[in-house]
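Inspection log for the structure reproduced underneath, given as structure tokens.
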Amino acid sequence: MADARDDIRRQAELLTRTGPGTPAGELLRRYWQPVAFAKDLPDGGPPRPVRIMGEDLVLFRDDRGRAGLLGLKCSHRCADLSYGRLEDGGLRCVYHGWLYDVSGRCLEQPGEPGGGAHRDQVRHLAYPCLERGGAVWAYMGPGQPPLFPEYPALSAPEAYRFGGRWFSACNYLQGNEGNIDPVHTSYLHRFDLDQVDPYQRISTSVFGVDTAPRLSIENARFGIRLFTERSLPAQGKKILRVTNFVMPNACAIGGYETGLGRGGCSMFWHVPIDDTHHWRYEFTFHSKAKLPVHLIVDQQGSERDENDMPYRNAANRYRQDRDEMSRTFIGMGHNFPSHDLFVTESQGAIHDHGAEHLVTSDLAIARARRQIAAAIHDVEEGKDPLGVLRHPADNDFRDLLVLTEALDTAVDPSEFCRELAQENIYALNPEIAAAA
Ligand code: FES
Ligand SMILES: [Fe+2]
């Protein structure tokens, strides 16, 4: 038994360490990762020091509007470039005036004879960036970046989506594992329905229909598709929820499809700051109906500050209100992300897999760990891991289905999804953009 636990802990070590040169770090660097929301990098705004997967970097927008991500410390004598000047097509170090462009070329060494005869020999650390879904994304891996995956939640115009992020004081892996654990919604997020907005009321009532749902999974080209089936015996029906693990640190889950109908999909990315902290980036999208943005803003605005730091944290015991527990399961209000951040942080800064007892509801978590481990192996063998895109023909995600639907009990969920994937439930309703 001790040996089996040791093996589990060895695998956990492999999956949770993300610094440069670590196996999972090398894997995560093969995918585009969100590094900021574009609104936090306005034209003329200051450079921002950022830490991503244990690397200290500076994110900036140059005077031509291009986003750049460079090593934080100047290549000359290591001054902090986040204090630099944005001018002349790049970021200028304030110590001796070296100027870098977004690709890491040193354009000027003004204190050197002739402006620096050997400046071309300097290649400052630089990662390519692009902007999608209102966020800046970076590719921090080697070689040619893969295609950017045109997920509907990211490629739709702004009128169809809403984005935000949350700081979380734990490892990225356990943060994302909460998203592929559909049974917890019936407990952690349970509350009396009379105090919440209509959208939450509908989704929460679905979770309460059957608190021991059946979970099954299948492999998908992007990761894992999850089927959660809840019985509605009185009607001879069941409620099928379809959610997804997206390699290697993302998911596609409920996006107001319960209240607004088919066509909603939220995607989250859990991006390591280091191995004990990460950002949870959220992109909420609906193709057919207007999202209740004012409700989202009101609720989330009362749960985090202007730097995306949650007000609830371990130091204040997540403001748990024991009296409130007669109306909510955990005594922490109605904001789902706050519940998720609390519970995943409570597992420990890096959750100890060796102390777990996985059960049937952890099916997708166990499969995702195996999928990540296999992808790490592929990278080590020089192959592209699962979900990395190289061919435009593969860049269509109508098969990334997110659903909550009442079906006859006899319907096979896998078959149902295979047929539905032929349609495009994410085709945009132009009236939404017109009304924005
Ligand atoms: S340390 Fe940056 S120019 Fe000298
Ligand atoms: Fe949750």
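Between E218, E257, the distinction of being in contact with a Cys (Cβ under 9 Å, 6 or more places away or on another chain), charged (D, E, K, R), open to solvent by less than 30 Å² (accessible area, probe 1.4 Å) and in contact (Cβ under 8 Å) with a residue 40 or more places away in the chain belongs to E257 only.
Looking at (1) assigned to a strand (DSSP E or B); (2) open to solvent by 10 Å² or more (accessible area, probe 1.4 Å), find the lone condition where W137 falls short. Looking at each condition in turn, W137 falls short on (2). Quick check on the range 198-207: of everything there that is open to solvent by less than 40 Å² (accessible area, probe 1.4 Å) and touching a residue at least 60 places away in the same chain (Cβ under 8 Å), which residue is nearest to ligand 2 (Cβ to nearest atom)? Among residues in the range 198-207 that are open to solvent by less than 40 Å² (accessible area, probe 1.4 Å) and touching a residue at least 60 places away in the same chain (Cβ under 8 Å), the one nearest to ligand 2 (Cβ to nearest atom) is S203.
The number of residues in the range 324-359 that are in contact with a strand residue (DSSP E or B) (Cβ under 7 Å, 6 or more places away or on another chain) and either more than 16 Å from N179 (Cβ to Cβ) or acidic (D, E) (or both) comes to 5.
Residues that are surrounded by fewer than 19 Cβ atoms within 10 Å (Cβ to Cβ), touching a helix residue (DSSP H, G or I) at 6+ places or on another chain (Cβ under 8 Å) and among the aliphatic types (A, V, I, L, M) within the range 79-106 comprise just one, V94. Exactly one residue out of D210, D194, D181 is of a type in the set (D, E) and within 16 Å of ligand 2 (Cβ to nearest atom): that is D181. Residue count for the range 80-108 satisfying the condition of being touching a His at 6+ places or on another chain (Cβ under 8 Å) and either touching a residue at least 24 places away in the same chain (Cβ under 8 Å) or more than 20 Å from A138 (Cβ to Cβ) (or both): 7. The number of residues in the range 332-379 that are on the phi > 0 side of the Ramachandran plot and more than 16 Å from ligand 2 (Cβ to nearest atom) comes to 1. Once the range 294-321 is narrowed to residues that are small (G, A, S) and in a helix (DSSP H, G or I), the residue that is most open to solvent (accessible area, probe 1.4 Å) is A315. A residue that is outside any strand (DSSP E or B), touching a helix residue (DSSP H, G or I) at 6+ places or on another chain (Cβ under 8 Å) and at positive phi occurs somewhere in the range 39-57. Highlighted here would be strands (runs of 3 or more DSSP E) found entirely within the range 62-122 that include at least 3 residues which are more than 16 Å from ligand 2 (Cβ to nearest atom) and not assigned by TED's automatic domain parsing to the domain that holds P49, but there are none.
Restricting A159, A169, A153, A135 to those that are among the small types (G, A, S), more than 16 Å from ligand 1 (Cβ to nearest atom) and in contact with a Pro (Cβ under 7 Å, 6 or more places away or on another chain) reduces the list to A135. Considering only residues in the range 411-435 that are in contact (Cβ under 8 Å) with a residue 60 or more places away in the chain and farther than 21 Å from E150 by Cβ, the one that is most open to solvent (accessible area, probe 1.4 Å) turns out to be A435.
Restricting the search to strands (runs of 3 or more DSSP E) fully inside the range 183-273 and requiring at least 3 residues that are more than 27 Å from N429 (Cβ to Cβ) and touching a strand residue (DSSP E or B) at 6+ places or on another chain (Cβ under 6 Å) gives 214-220, 223-232, 237-246.
The values are calculated or read from the model by the stated rules, or taken from the named source; none is laboratory data. If you're wondering where the values come from, they're calculated on a predicted model, not measured in any experiment. We place every Cβ from the backbone using ideal geometry, glycine too, and count neighbours over all the protein chains shown. Keep in mind that these areas ignore ligands, DNA and RNA; they rest on the heavy atoms of the full protein, side chains included. Shrake-Rupley method; radii C 1.70, N 1.55, O 1.52, S 1.80 Å.
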